[in-house]
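Chemist: Let me give you the structure first, and then I'll get to my questions.
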Amino acid sequence: MGRARATTSAARRRLLESADRLFYQHGVRAVGIDRVIAEVGVAKMTLYTHFPSKDDLILAVLQHREKTVLEFFRGAMERHGKRTPLRAFFAALKEWFESPGFRGCAFQNAAIVLADPKHPGAEFVRGYKQRFFEILRAIVEQTVGRSAAKVAPAVSLLVEGAVVTAVIQGTPGAADVARDAALIVVAGKG
């Protein structure tokens, strides 16, 4: 029984990781279930045992991606920890923009193609963006104090815009522009 559960967990993990990679590279609507199955090398029934529909797979991938993104930012901010928390965040953001295969924010990308705002994936994206905003607000507070937290929405918009700009321009420089603008915004409200 334990071995069957371990195999099931391994198959689920492989399905999630492959779907995550494929959805990020090509888009959640462009990648079909058959492509994910072929990539992982499992039977269709194995996929449907773990994810009863493609929408269930999309939601699970977004949940998986949230953990991956947060782990990346924690690690990258630790690597850049000799700076203020806000500067470390923007250094991490630039590091992400410079990573091979960078295609922007998987959550922004999913929200665009999941046009129905009631789709479970679209609802998850809204929740994720709120959770990420709260992390960013805490970073602003750590950098310049609670009084400046009121500018966190502006900093958040700078981050979201930098992500889109980095994808469109194909260069990581948007992180530096957003950092410089964010530092001006928080200095004026601190």
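The values are calculated or read from the model by the stated rules, or taken from the named source; none is laboratory data. Predicted model, so just to flag it, every value in this text is computed and none were measured. In this analysis, Cβ positions are derived from the backbone assuming ideal geometry, glycine residues included, and neighbour counts consider all displayed protein chains.
Chemist: Has segment 82-97 got at least one residue that is β-branched (Val, Ile, Thr), at negative phi and not assigned by the TED database to the domain that holds residue 124?
Modeler: no
Chemist: List pairs: first residue in segment 108-127 and among the aromatic types (Phe, Trp, Tyr), second residue surrounded by 17 or more Cβ atoms within 10 Å (Cβ to Cβ) anywhere in the structure, Cβ distance under 7 angstrom, at least six positions apart or on different chains.
Modeler: Sorted first by the residue in segment 108-127, then by its partner, the pairs are 124/59; 124/62.
Chemist: Condition test on residue 153, is it farther than 13 Å from residue 89 by Cβ, in contact with an Asp or Glu (Cβ under 8 Å, 6 or more places away or on another chain) and assigned by the TED database to the domain that holds residue 73?
Modeler: It is false that residue 153 is farther than 13 Å from residue 89 by Cβ, in contact with an Asp or Glu (Cβ under 8 Å, 6 or more places away or on another chain) and assigned by the TED database to the domain that holds residue 73.
Chemist: Same structure again: When residue 42 is evaluated against the numbered criteria (1) free of Cβ contacts under 8 Å to residues at least 60 places away in the same chain; (2) among the hydrophobic types (A, V, I, L, M, F, W, C); (3) in the same structural domain as residue 109 (by the TED database); (4) in contact with a Lys or Arg (Cβ under 9 Å, 6 or more places away or on another chain), which criterion, by number, is the only one it fails?
Modeler: The number of the failed condition is (3).
Chemist: Follow-up question, since we're still on this one. Residue 29: at pLDDT below 95 and either under 19 Å from residue 111 (Cβ atoms) or within 20 Å of the chain's Cα centre (by Cα) (or both), yes or no?
Modeler: Judged against the criteria, residue 29 is a match.
Chemist: Just the residues that are surrounded by fewer than 17 Cβ atoms within 10 Å (Cβ to Cβ) and charged (D, E, K, R), please, taken from segment 124-140.
Modeler: Scanning segment 124-140 gives 126, 129, 131, 134.
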